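Before any comments, here is the structure.
The values are calculated or read from the model by the stated rules, or taken from the named source; none is laboratory data. Computed from a predicted structure; not experimentally measured. Positions of Cβ are backbone-derived with ideal geometry, glycine not excepted, and every protein chain shown enters the neighbour counts.
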Amino acid sequence: MISIDIKKKLHGAKGLMDLDVNFEIEDGQFLALSGLSGSGKTTLLRIFAGLEESSGTIKVGEEIWQDKETMLRVQERGIGFVFQEYALFENMSVEKNLLYVNKDKKLAQKLLELTDLTELKKRKPSTLSGGQKQRVSLCRAMMNRPKLLLMDEPLSALDPAMRRKLQNEILALHKEFGTTTIMVSHDPAEIYKLAQRVIVLENGKIISDAQPQDALIQRTGSQKFSFEGEVIDIVQVDVIWIAIIAIGQQLVEVVLSAGERKEMSVGQKVKVGTKAFLPIIG
Amino acid sequence: MMEFFASLDYTPFILSFKLAGLTTLILFVISLPLAWFLSQTRSKAKPILEAVTALPIVLPPSVLGFYILVSLSHNSPLGAFFENVFGVSLVFNFTSLVIASCFYSLPFMVQPLQGGFESINKNMIEASYIAGKSQVQTVLQVVLPNMKPAVLTAIIITFAHTVGEFGVVLMVGGSIESETKVASVAIYEMVEMMDYKGAHIYSALMVLMSFIILLAVYTFNSSKRIGGFSK
């Protein structure tokens, strides 16, 4: 069991704000941390790691990482950390990056096998793709068999296909090692796939703490398909108007009535709904 | 021609390079922790320390030399201490040149190193701490190997700048044959004695060597930039 109860003054997006959080994580749990940028997610991770100071307590099992008298240094916490921008040791090969943390060659070999990196182990990080780098970073974080694995938007710099592949690898590693994990993420699909619990921060406070299916899936409302999108363009085709709307990474065309056309402008956020009762999943 | 070159007295050059080599070595050891501290600290004392470190760049060498002379002479507490306890004088000998050069060339070692430290990705340094490594281990195994061009620049520029010093050396060391008469001082004396031929040869040698050193630095650093820092 890991428990945290800390406060810290932060310069957030809207001026000074108080980061004030108090929660517990069960051993082996995969927790997602979500919220708008500037809400204090990264700072919270860094406080866990001991990279940032705060007032309050952090307890991991029977070990006190931080309270009024104690402030365990980052070196003594035995955590794993995956940065958004990899932060690999550029002067070392893939294998050396892992062995720098811990001389355990067997573990390094096992991690490299699990993430399909064995053939690249002699390569320097600068010769790898983004996805490969992040896999190395993930392996490196696991090298000291951490009590707590922290990941700060680990997949947000990668393209969708690579994201899905790495989500599977994160899931496999979590199954294999059962490491208590906190991951900052904005992607609902990713959170749903990986996490058992999601905490949402807003202006430094927890505004929601629930299971992903409760937090992310909207069960209230009219039960129809509905997507948030942005109007990219409005074009006239003969006598009708068509709006081009971006939903996620997809562009769709929607026919507008004359009345709708008047109310709509480019750049506007809209909700696209359909009343299909038998959706086709293909 | 060969006979002429063989007949030249190279002692001042050897002295210059010995001085520059020692100074560079001492400054590298001193500057590493200082530059690391300056690159990492958020202390309010940082601008003060940075300004003090940069002083030798703007001060006239005579001012620097004068203060070093005053604080090392046997009339000063420090000078008196060394004279009474160890029986060595701290002025007008090779030791005094090394001490003075360390002050004179300090910014040329500290500033490139500090710049190098600051250019290293902060997360990479943190990743090393997270791996349980101390600051010293991190600097030696992660930080320095990733800033080789900055290290090389710091060492070469310090060396070259020390070879090129004149005012401070003259103030603190005078011109004692085989002891404090370095190349720049020797050239000055030749001109004073109207030995223009000797001055020409010594000066041309200085220009040539300085150019070769700088060319080596820039060639190395530009090849590093093109090929990425991981070579």
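Quick one: is B:SER105 in contact with a Pro (Cβ under 9 Å, 6 or more places away or on another chain) and at pLDDT 95 or above?
yes
For segment B:129-140, name all the residues that are surrounded by fewer than 17 Cβ atoms within 10 Å (Cβ to Cβ) and either within 9 Å of another protein chain (Cβ to nearest Cβ) or of a type in the set (A, V, I, L, M, F, W, C) (or both).
B:SER134, B:VAL136, B:LEU140
Out of all the residues in segment B:105-130, which are among the aromatic types (Phe, Trp, Tyr) and in contact with a His (Cβ under 8 Å, 6 or more places away or on another chain)?
Residue satisfying the conditions is B:PHE108 alone.
Please work out if B:PHE81 is in a loop (DSSP other than H, G, I, E, B) and more than 12 Å from every other protein chain (Cβ to nearest Cβ). Quick ask: steps written out before the conclusion?
On the way: in a loop (DSSP other than H, G, I, E, B): no; more than 12 Å from every other protein chain (Cβ to nearest Cβ): yes.
For B:PHE81, the condition - in a loop (DSSP other than H, G, I, E, B) and more than 12 Å from every other protein chain (Cβ to nearest Cβ) - is not met.
Restricting attention to segment B:119-128, report how many residues are crowded, with 21+ Cβ neighbours inside 10 Å and more than 20 Å from B:VAL151 (Cβ to Cβ).
Number of matching residues: 1.
Please go through segment A:138-167 and give me each residue that is among the hydroxyl-bearing types (Ser, Thr, Tyr) and buried (at least 24 other Cβ atoms within 10 Å of the Cβ), ordered by number.
None - no residue of segment A:138-167 is among the hydroxyl-bearing types (Ser, Thr, Tyr) and buried (at least 24 other Cβ atoms within 10 Å of the Cβ), so the list stays empty.
Being over 21 Å from B:ASN121 (Cβ atoms) and surrounded by fewer than 19 Cβ atoms within 10 Å (Cβ to Cβ) is the requirement here; does A:GLU63 meet it?
yes
Among the strands (runs of 3 or more DSSP E) lying completely within segment A:172-248, list those that include at least 3 residues that are at pLDDT below 90 and farther than 26 Å from A:GLU153 by Cβ.
Hits in segment A:172-248: A:225-237, A:240-247.
Does at least one position in segment B:108-115 carry a residue that is within 14 Å of chain A (Cβ to nearest Cβ), out of contact with any Leu (no Cβ under 9 Å at 6 or more places or on another chain) and within 30 Å of A:LEU98 (Cα to Cα)?
Just the residues of segment B:108-115 that are within 14 Å of chain A (Cβ to nearest Cβ), to begin with: none.
No.
Within segment A:126-137, count every residue that is within 14 Å of chain B (Cβ to nearest Cβ) and either surrounded by fewer than 22 Cβ atoms within 10 Å (Cβ to Cβ) or assigned to a loop (DSSP other than H, G, I, E, B) (or both).
Pass one, segment A:126-137, residues within 14 Å of chain B (Cβ to nearest Cβ): A:126-128, A:133-134, A:136-137.
Pick out the ones that are also either surrounded by fewer than 22 Cβ atoms within 10 Å (Cβ to Cβ) or assigned to a loop (DSSP other than H, G, I, E, B) (or both) and you get A:126-128, A:133.
So the answer is 4.
Working only within segment B:148-200, note down all residues that are of a type outside the set (Gly, Ala, Ser), within 30 Å of B:ALA35 (Cβ to Cβ) and not in a helix (DSSP H, G or I).
Across segment B:148-200, the qualifying residues are B:GLU165, B:PHE166, B:THR180, B:VAL182.
Restricting attention to segment B:116-128, report how many residues are farther than 20 Å from A:ARG73 by Cα and facing chain A (nearest Cβ under 7 Å).
To start, the set of residues in segment B:116-128 that are farther than 20 Å from A:ARG73 by Cα comprises B:116-121.
Add one more test, that the residue is facing chain A (nearest Cβ under 7 Å), and what stays is B:121.
Residues in segment B:116-128 being farther than 20 Å from A:ARG73 by Cα and facing chain A (nearest Cβ under 7 Å): 1 in total.
Tell me which residues, restricted to segment A:50-77, are within 21 Å of the chain's Cα centre (by Cα) and either farther than 11 Å from A:ILE6 by Cβ or not assigned by TED's automatic domain parsing to the domain that holds A:LYS124 (or both).
The answer is A:GLY50, A:LEU51.
Of B:ALA216, B:ALA183, B:ALA204, B:ALA199, which residue is more than 14 Å from chain A (Cβ to nearest Cβ), touching a residue at least 12 places away in the same chain (Cβ under 8 Å) and surrounded by fewer than 16 Cβ atoms within 10 Å (Cβ to Cβ)?
Values: B:ALA183 fails: surrounded by fewer than 16 Cβ atoms within 10 Å (Cβ to Cβ); B:ALA204 fails: touching a residue at least 12 places away in the same chain (Cβ under 8 Å); B:ALA199 fails: surrounded by fewer than 16 Cβ atoms within 10 Å (Cβ to Cβ).
Only one candidate passes the filter, namely B:ALA216.
Just give me the residues in segment A:69-110 being small (Gly, Ala, Ser), surrounded by 22 or more Cβ atoms within 10 Å (Cβ to Cβ), out of contact with any strand residue (DSSP E or B) (no Cβ under 7 Å at 6 or more places or on another chain) and at the interface with another protein chain (Cβ under 8 Å from one of its Cβ atoms), in sequence order. Let's see the steps before the verdict.
Kept after step one, since they are small (Gly, Ala, Ser), are these residues of segment A:69-110: A:78, A:80, A:87, A:93, A:108.
Remaining after also requiring surrounded by 22 or more Cβ atoms within 10 Å (Cβ to Cβ): A:80, A:87, A:108.
If we keep only those that are out of contact with any strand residue (DSSP E or B) (no Cβ under 7 Å at 6 or more places or on another chain) too, we end up with A:87, A:108.
If the condition is that a residue be small (Gly, Ala, Ser), surrounded by 22 or more Cβ atoms within 10 Å (Cβ to Cβ), out of contact with any strand residue (DSSP E or B) (no Cβ under 7 Å at 6 or more places or on another chain) and at the interface with another protein chain (Cβ under 8 Å from one of its Cβ atoms), then A:ALA87 is the only one that fits.
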